[in-house]
Amino acid sequence: MSRRTAAATLHTALSLAAILALLAPLLLGPATALAQASTRSLYIVQAESAAGAARLVTALGGRVTSQLEIIRGVGAWLTPAMAAGLRQDPEVTAVTPNGVLKIDGVVEAAGPSAARGNWPATDFADVTGADAVWNHAVTGSGLTVAVVDSGLDAQPGVIRGAGAGRRLVGWVDFVDGYRKPRDPHGHGTFVAGVIANSQVGADGEWNGMAPDVQLAAVRVVDETGSATYEHVVQGIQWVLDHKDALNIRVMNLSLSAPVRSPYWADPVNQAVMAAWASGIVVVTSAGNQGPAPLSVGVPGNNPYVITVGAFTDAFTPADWSDDYVPAFSSAGPTHDGFVKPDLVAPGGHIVSTISRPSYLARAYPDNRVGPHYFKLSGTSPAAAVVSGIAALMLAHDPGLTPDQVKYRLRATAIPHFQPAGESAGYRAWQQGAGRVFAPLAVYAVLAPGSANGSMDVQADLAGTAHYLGYSYRDEAGVYRVYGDDGSWARGAGVWDGAYVPYSGGFWADGGFWADSGFWADSGFWADGGFWADSGFWADGGFWADGGFWADSGFWADGGGYDSAGGFWADGEQWGDPDFASAGGFWADGGFWADGGFWADGGFWADGGFWADSAYRADAGYWADGGIWADGRFEAGYLIQE
């Protein structure tokens with residue numbers, strides 16, 4: 001279909017939609033139309049301050065349900081007319097429907113499990129090398145991980161650390177307001193067990209990644225496995241409010257929602273960025289919507305935080321040769337062009353703690369492993385594994401910043417490859433930097449580097465700079481990274497979007513670098529590392545440290561982001577003012593029309609890098625006086641006002 005035909009078809013569809021919208025009151029009848037107009041829904045309203053947002057909501061007759069200081073907003077019950085009125089107010093920066101996030105756990109066939117009495121063995125600590133870290137007396141003591149999830153049940157290995165002391169130092173419930181810890185769904189207890197379970201299993205080893213870490217349980221997920229945006233933002237705000245008193249250094253978010261906006265316009269992502277900026281390591285699941293590209297959800301699409309996909313050991317934890325990335329693991333790039341996930345961790349047939357009366361245990365009895373354990377797959381437990389490793393890293397070196405934790409995790413991850421032809425086994429958008437490996441993440445001596453490079457999270461939060469990654473989809477529908485001719489990392493930066501089932505690629509012969517060394521001194525990825533030493537995303541790296549949106553934006557015909565409503569190219573608004581879920585954040589012919597990465601195969605216009613050859617200079621995107629030259633694209637930062 002030509003662009004003109006597609007545009008005509010889209011115009012016709014939009015015209016019909018507009019006519020039906022005008023006729024709706026007549027078709028539905030006056031009573032139905034009146035009822036719809038007076039129905040109130042939950043929104044998040046943002047202004048220059050939470051107090052200002054509350055004042056504006058109240059003035060229009062709305063009801064404030066929460067103060068969301070972290071994003072300068074409030075939760076509010078509003079009618080559609082009230083929401084429309086607030087959007088027209090110059091003091092209002094955003095009015096967003098209260099979205100829903102879901103847990104990222106997948107119930108699969110139970111499979112075998114080793115057990116001794118009530119306490120089965122778990123394998124994810126062995127698979128990631130955490131047991132080797134424990135051998136040096138690093139078990140996570142001295143800090144707290146906040147688990148923002150469905151709650152916490154009083155399982156012995158979860159509420160007590162390996163040192164026999166009580167480890168639950170904080171609890172809050174934003175769903176039902178319970179004063180004592182509980183977990184009606186079961187997912188939060190499961191995730192907390194992966195991170196911190198101190199029980200000794202059938203193999204004689206601890207069943208959690210960081211058996212001495214302290215926990216703060218923040219309940220935002222209800223019994224059905226759903227969490228509203230409002231509750232998640234409240235939960236993150238609580239973590240920030242208590243981070244110093246409880247020494248919260250890591251926050252785990254094993255849940256996700258569909259992407260409805262650029263990362264920086266999403267309220268949950270804004271809260272996550274605020275947590276990261278405050279010094280908290282934020283670990284989140286990529287989502288279970290794979291294997292297709294563009295399937296990473298919110299907040300996994302946030303470029304600052306640590307986004308985790310899953311791999312499985314195929315029930316052979318001692319044999320790495322058959323490990324693979326399962327189809328459920330969400331893949332990048334993000335809709336903003338960033339490579340995600342950042343890395344992958346064990347997420348197949350994970351065994352962890354569960355409450356017997358919980359929804360999961362009752363609904364899936366075949367997946368129970370003894371009276372107190374449960375088997376679950378997904379990027380939820382994968383994120384929990386990485387949160388546990390982050391706790392081990394910070395216990396060993398409390399001075400690490402969130403950016404340094406992310407840098408070390410990615411710099412020491414092990415990429416999957418195919419022995420035949422020495423090609424990448426999975427593309428960067430499927431495996432990120434590779435599989436997490438705890439001993440190197442904790443102990444490796446690395447050259448100084450940065451995971452997020454020149455991206456400025458404070459400027460991003462202030463709205464003075466926003467960023468875009470380096471991924472794009474070419475005219476043939478192939479995902480690529482700008483500047484890569486297909487040779488980087490043996491093809492890891494080129495992907496046709498297809499998922500190929502496991503076919504013999506491997507992560508070495510059961511060990512880190514195998515016999516001849518995996519990447520050292522002209523090893524597999526050549527010249528000292530997969531992306532080490534001014535590598536692909538470290539130290540001014542290729543995609544993570546800078547974007548193409550900075551300051552006032554640049555994307556088409558003088559248009560930029562307008563805080564009162566926002567628009568991209570040619571004045572196109574974000575679509576339906578309610579950002580209807582059926583059409584997305586800028587539905588009906590907006591920014592992502594016709595199934596393109598941003599439009600019909602181009603990065604966002606007419607197949608060009610960003611149209612009209614504005615940034616091509618001297619026959620190259622950044623070659624010979626192109627956009628890298630003359631300091632104009634310093635460290636990935638495009639426009640400096």
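The values are calculated or read from the model by the stated rules, or taken from the named source; none is laboratory data. Keep in mind that what you see is a predicted model, and the values were worked out from it rather than measured. So basically every Cβ, Gly included, is an ideal-geometry build from the backbone, and we count neighbours across all protein chains shown. We work out accessible area using only protein heavy atoms, side chains counted, and drop any ligands, DNA or RNA first. Shrake-Rupley method; radii C 1.70, N 1.55, O 1.52, S 1.80 Å.
What to note about this one:
- Accessible surface of segment 318-379, 1.4 Å probe, proportion on carbon and sulfur as whole %: 52
- Net charge in the neighbourhood of Gly161 (other residues with Cβ under 10 Å of its Cβ; Lys, Arg +1, Asp, Glu -1) is +2.
- Taking label points 7 Å from Cα along the Cα-to-Cβ direction, Ala327 and Gln88 give a separation of 5.0 nm.
- Prolate/oblate/rounded label for segment 200-266 (Cα gyration tensor, a/c 1.5): prolate
- Accessible area, probe 1.4 Å, largest first, for residues Tyr324, Tyr472: Tyr324, Tyr472
- Principal semi-axes in Å for segment 296-383 [√(5λ), Cα gyration tensor, largest first]: 27, 17, 9
- Full-extension gain in nm, Gln67 to Thr316, via 0.36 nm per residue minus C-alpha separation: 84.8 nm
- Gain upon complete extension [Glu48, Val169; 0.36 nm per residue less C-alpha separation]: 40.2 nm
- Mean sequence separation of contacting Cα pairs (under 8 Å, at least six apart), scaled by the length of segment 168-315, corresponds to a relative contact order of 18 percent.
- In nm, spacing of pseudo-spin labels at Ala81 and Thr401 (7 Å Cα→C-beta vector): 5.1
- Label-point gap, in nm, between Tyr178 and Glu475 - each point 7 angstrom along Cα→Cβ: 5.9
- Here's the list of lysines a cross-link from Lys375 could span, going by alpha-carbon distance under 27 Å and ignoring same-chain residues fewer than 8 apart: Lys102, Lys180, Lys340.
- Dividing the mean sequence gap of close Cα pairs (under 8 Å, 6+ apart) by how many residues segment 113-246 holds gives a relative contact order of 34 percent.
- Cβ-Cβ FRET estimate between Ala498 and Ala363, R0 fixed at 45 Å, reported to 0.05: 0.85
- Over all other residues within a Cβ to Cβ distance under 13 Å of Asp183, the charged ones net out to -1, with Lys and Arg as +1 and Asp and Glu as -1.
- Spherically averaged projected area in nm², based on the convex hull that wraps the Cα atoms of segment 333-413: 7.5
- Of the peptides 348-360, 395-407, 251-263, the ranking by mean beta-carbon count within 10 Å, highest at the top, reads 251-263, 348-360, 395-407.
- Distance from segment 354-378 to segment 175-204 (C-alpha centre basis), Å: 12
- Length-normalised contact order for segment 246-403 - Cα pairs under 8 Å, 6+ apart - percent: 25
- Relative packing of peptides 144-156, 440-452 - highest average C-beta neighbours within 10 Å first: 144-156, 440-452
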